[in-house]
1. How far apart, in nm, are two points set 7 Å out from the Cα along the Cα-to-Cβ line at LYS28 and at THR478?
2. Could you please state, rounded to a whole Å, how far the C-alpha centre of segment 154-182 is from the C-alpha centre of segment 194-258?
3. For VAL104 and ASN227, calculate 0.36 nm times their separation in residues minus their Cα-Cα distance, and state this gained length in nm to one decimal.
4. Let me spell out the model: positive unit charges on the Cβ of Lys and Arg, negative unit charges on the Cβ of Asp and Glu, origin at the Cα centre of segment 291-413. What dipole size does that give, in debye rounded to 20?
5. Can you give the convex hull volume of the alpha carbon atoms of segment 156-203 per residue, in Å³?
6. Starting with the fewest neighbours, write out GLU61, GLU21 ranked by other beta-carbon atoms found within 10 Å of each beta-carbon.
7. Relative contact order for segment 342-480 using alpha-carbon pairs under 8 Å, separation at least 6, rounded to a whole percent?
8. Please rank THR315, THR6, THR64, THR136, fewest neighbouring Cβ atoms within 10 Å first, as an exposure proxy.
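A short reminder: the numbers here are calculations on the coordinates, not readings from a lab. Here the structure is a predicted model, which is why all the values come from computation and not from measurement. No Cβ is skipped: glycine too gets one built from the backbone with ideal geometry, and neighbour counts run over all protein chains shown.
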Amino acid sequence: MAEKITSLAERILTHDPLSAETVLAEIKAPAAAREALVQLALAMTQRPIPLFRARVLRLAEAITEKNRIPPSFCRKTLGLATPAAMRQAAFDAVAESVAQSTEVPRHPKPAAILHDQVVWVTTPVRMDFAGGWSDTPPISTELGGCVVNAAITLNGQYPVQVMAKLNQEGVIRLSSIDLSQRITLSSTAELLDHDNPQHWAALPKAALVLAGIGPSIPGVPLKKWLNVLGGGLDLTIFSALPKGSGMGTSSILGAAVLACLGRVLGEPFSPDRLITLASILEQRMCTGGGWQDQIGGIIPGVKLIRTKPGVDQSTSLSWSVFDLRPGSALRERTLLYFTGQKRMARNILHNVVRRYLARDPLILKTVNELKDTALDMKANLDAQDVDGFARGIERYWTLKKQIDPGATNPQIESLLKSVSRWTEGRLLPGAGGGGFILLIARNAGAAQKIRRYLTAHPPNALARFFDFDVDQTGLKVTVL
């Protein structure tokens, strides 16, 4: 065992699936734990790559926590004193790996709109059918992703909208229509205070910096940038869905804000760049989402989305058919129900990423299965096989719960059980834990029974059915 610990640097450099669980089992004494940390520090010097650093720090966190290594030794060896500091540094390294794909603007730019013009952006939301989690860094960066999702409207409307207009006051005014909130920013310090995803203004603040409306460096005056812009900016956001809906609302809203600000500055519209910027935005807000949400909203239709391993997560797309015309089998058997429960995907995301960085064998196995399920789902959709689609949805839901038990809870399970006799497939879009439920009934009659039952017995006052359609437009930018 001692030889294994003294060669840990070499092993982790050459044996990628080496799990934290295996290494922890090999450490039998405090001296071995300290030697393991020395070996990990050595490995990071030999491979100074952000995602490798993230994995090593996750392993160091586990070793330090289990063996209670003194902070003084950890600080001397790794430059980090506590397991919590190592955990945060690992997530910072993941964010760094995502940010490698683009540069933040370093100089202010003049606006490309007139003072009486308004930039208006509308976008659908996203419903995932298979492959989610394979799009999440560092999983997608190291293994590539494979997802099937759809851009959808709800009750015939675009749920996400963003508007921007120049003002004469030389400040940034942020407004949220759905939250009835408004703040004014007059300093760079206020603008850069955007790392709390619980605050409604964190997303637009981070987007303003990432788009180049304001400076990214503390101490650079905001007024200087706004003078070049040609005045201040009024930015208004609207999301008809609550946070935690499971429809990718946060990422899609971020993409819509970035598209709106890009048009203010006259930037050419590039879906690939917008997708990348939205991923960086999620990392800056410490939520850590993947790329499938923004792709689901930006790009119309139902599509198979694939990426190859690597920092460049450029996507290849292949569209399919999701026939929701009146009288179609899918229309008659498919139901979308809002549970009234909201959840924050951040904790679920962090749990999965930490387990992946630890090379949890179950996570690695499940990711491969998720990607295979996405390919099967595309085949079922191409064949217009509704029963195959239902089975694929059910399999996807099982894998989501396998990759993280937090995808469900007793309230969700109780609701699903109440209609299980009429249901062939069920799924909580997104990371799960609340929000919407997609139900595929056994037949048209069973769908009517589900609708009648849940209408008569809602789990709470907010629960209700929504109509949805596949959107064939995607994100749209207009100047009025």
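1. 7.3 nm
2. When both Cα centres are located, 11 Å separates them.
3. This chain segment gains 42.4 nm when fully extended.
4. Rounded to the nearest 20 debye, it is 420 debye.
5. 96 Å³
6. Ascending Cβ contact count within 10 Å gives the list GLU21, GLU61.
7. Relative contact order comes out at 21 percent.
8. Arranged by neighbour count, lowest to highest, THR315, THR6, THR64, THR136 become THR6, THR315, THR136, THR64.
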